[in-house]
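The values are calculated or read from the model by the stated rules, or taken from the named source; none is laboratory data. All values reported here derive from a predicted model rather than from experimental measurement. Counting neighbours? That spans all protein chains shown, and the Cβs are built from the backbone with ideal geometry, glycine included.
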Amino acid sequence: MEKQFGIQMIENPRPDHGRGPAFLNPENTAAVRAVHTALPEYRETALVRLDALAEALGVRAVYVKDESTRFGLKAFKGLGGIYALFCVVCDKLGLDRGTTTYAMLQASPLREKVEKLVFVTATDGNHGKGVAWSAAKLGCKAHVYMPKGSSELRAQAIRDAGAAEVLITGWGYDDTVRYAAKMAKEQGWILVQDTSWPGYEEIPKTIIQGYTTMADEAAAQLAAAGERPTHVFLQAGVGAMAGGILGYLRSRYADAPLTASVVEPAEVACVFRSAEVGDGEPHVATGSGETIMAGLNCGEPCTVTWPILRDQADFYFSCPDWVSAHGMRLLHEAGVTSGESGAVTSGLVSMLAKPQLAEMKAALGLKADSVVLLFSTEGDTDPVAYQKIIHENSYPLPQE
Ligand SMILES: Cc1ncc(COP(=O)(O)O)c(C=O)c1O
């Protein structure tokens, strides 16, 4: 389909709407959620109705899950980090995940053993904060590496979240991940990475499972409102979040139609690029790698979730940065604080109301009875950039 306003869309020719993989089904999520809900910091995040956006788009409802308050970390990512650390510690110490609790790991006699473990990760911000916070809860040390150009504010936020050593490297995200993996090997640290590659998939799987709590909450909140989603838009960096949530939703709504779209920044769209090549394999993004969507600035798809996105998503979008800035402003108006990586789907859905995007809207099947589900995955994780976008209208809408 033709590009409009720099927004591109690809349709999956043969989407599979069957159940998602077993490790993401609602039964497994119940175990994940039990670990999360036992934490003293756990609170369900809000599901907010965006009535003005629904009216503009001509659909019954648009809902956005607001992750800006999750665990006080301003992003959904802590769900993955904390669950992964829980699983890895249980496995290392030979403990049963079903009967062990975080509180048990934090107390004597287990704490003395747990404290000896050292964790390492690479991050563009939010994941590292989740790992640092989770490690600090267990009395463990964490090393966090960030790609070049990372905001010092984000680095400081990670230091503040836990007793982590944070270093901004001279490389992009994907090479920073390789560096973290190398350090883990050399130093005997445990790599807790939110993406996977052949031979490193078990810990990422637990991170991805951790994310499903967010979808499980949203599905329950929708059910309480008497709704079920007909459309979901999921933003992707490596695609671990999008694939995890989609895998869960396909099982949860196995008996109902659900149109799923993956949304990425135009300059670093590895899932889009992989769909575009269309040979079934994951491919590296081809753009400049420059985007304000720091959490989505990842060039290589996660190998665990790529098959889910390849087979079970219906559409793939790539969007210029202003789409996300537009989404941030419209969510701000609706009372939701959403950062650059959280708001791109809201910005896209708003653009779909424009006549120039009517063909895309029709292909998506968005109609008067549609119910759209979005995830605003972060709050103002870079408060200075947030203020500029909201109050100084930086990255404005292009002229029509
Ligand atoms: C706020 C936010 N949203 C979405 C994502 C995308 O997650 P993934 O890299 O799993 O695609 C990230 C990743 O860091 C993020 O920080």
### Task
Return only the number of the condition from (1) touching a Phe, Trp or Tyr at 6+ places or on another chain (Cβ under 9 Å); (2) more than 21 Å from Leu397 (Cα to Cα); (3) of a type in the set (Gly, Ala, Ser) that Ser324 does not satisfy.
(2)
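Select from region 354-400 the residues that are outside any loop (DSSP other than H, G, I, E, B) and within 16 Å of the ligand (Cβ to nearest atom) and list them in ascending order. Outline the logic, then answer.
Taking region 354-400 first, the residues outside any loop (DSSP other than H, G, I, E, B) are 355-364, 371-376, 378, 383-391.
Hits for region 354-400 are Leu373, Leu374, Phe375, Ser376, Glu378, Pro383, Ala385, Tyr386, Ile389.
One line per residue, one yes/no per condition, for (1) more than 11 Å from the ligand (Cβ to nearest atom); (2) assigned by TED's automatic domain parsing to the domain that holds Gly149; (3) of a type in the set (Ser, Thr, Tyr); (4) surrounded by 24 or more Cβ atoms within 10 Å (Cβ to Cβ):
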site: Tyr173; (1), (2), (3), (4): no, yes, yes, yes
site: Tyr179; (1), (2), (3), (4): yes, yes, yes, no
site: Lys185; (1), (2), (3), (4): yes, yes, no, no
site: Glu202; (1), (2), (3), (4): yes, no, no, no
site: Glu217; (1), (2), (3), (4): yes, no, no, no
site: Ala223; (1), (2), (3), (4): yes, no, no, no
site: Phe233; (1), (2), (3), (4): yes, no, no, yes
site: Met241; (1), (2), (3), (4): no, no, no, yes
site: Gly244; (1), (2), (3), (4): no, no, no, yes
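Quick one: would you say Glu165 is among the acidic types (Asp, Glu), closer than 23 Å to Val35 by Cβ and not assigned by TED's automatic domain parsing to the domain that holds Thr37? Give the derivation first.
On the way: among the acidic types (Asp, Glu): yes; closer than 23 Å to Val35 by Cβ: no; not assigned by TED's automatic domain parsing to the domain that holds Thr37: yes.
Answer is no for this residue.
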## Note on the structure
Restricted to region 53-71 and to residues being in contact (Cβ under 8 Å) with a residue 40 or more places away in the chain and acidic (Asp, Glu), the residue farthest from His36 (Cα to Cα) is Asp66
### Query
Which of the helices (runs of 4 or more DSSP H) contained wholly in region 1-102 include at least 1 residues that are over 30 Å from Ala358 (Cβ atoms)?
26-37, 78-92
### Message
For the list (1) free of Cβ contacts under 8 Å to residues at least 40 places away in the same chain; (2) surrounded by fewer than 24 Cβ atoms within 10 Å (Cβ to Cβ), I need the number of the one condition that Asp311 fails.
### Response
(1)
### Query
Is there any pair with a first residue in region 372-400 that is of a type in the set (Lys, Arg) and a second that is away from the ligand (no atom under 16 Å from the Cβ) whose Cβ atoms are under 6 Å apart and which are 6 or more apart or on different chains, and what are they?
Lys388/Ser394
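Condition first: closer than 25 Å to Ser251 by Cα and modelled with pLDDT under 95. Now tell me which residues in region 297-329 satisfy that.
Matches in region 297-329: none.
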### Message
Only one of Ala294, Ala260, Ala256 is in the same structural domain as Val349 (by TED's automatic domain parsing), at pLDDT 95 or above and of a type outside the set (Lys, Arg). Can you tell me which?
### Response
Ala260
### Query
Among the residues of region 124-142, is there at least one that is surrounded by fewer than 24 Cβ atoms within 10 Å (Cβ to Cβ), within 16 Å of the ligand (Cβ to nearest atom) and part of a helix (DSSP H, G or I)?
no
### Message
Any residue that is touching a helix residue (DSSP H, G or I) at 6+ places or on another chain (Cβ under 8 Å), among the small types (Gly, Ala, Ser) and either over 13 Å from Ala236 (Cα atoms) or in a helix (DSSP H, G or I) (or both) - is there at least one of those in region 298-319?
### Response
no
### Message
If I go through region 209-243 residue by residue, how many of them are in contact with a Ser or Thr (Cβ under 6 Å, 6 or more places away or on another chain) and among the small types (Gly, Ala, Ser)?
### Response
3
### Message
If I go through region 330-353 residue by residue, how many of them are surrounded by fewer than 22 Cβ atoms within 10 Å (Cβ to Cβ), out of contact with any Phe, Trp or Tyr (no Cβ under 8 Å at 6 or more places or on another chain) and either of a type in the set (A, V, I, L, M, F, W, C) or over 14 Å from Ala56 (Cβ atoms) (or both)?
### Response
5
### Summary
Only unsatisfied item for Val166, checking (1) β-branched (Val, Ile, Thr); (2) within 15 Å of the ligand (Cβ to nearest atom); (3) in a strand (DSSP E or B), is (2)
### Per-region count, region 31-52, residues touching a residue at least 12 places away in the same chain (Cβ under 8 Å) and of a type in the set (Asp, Glu)
2
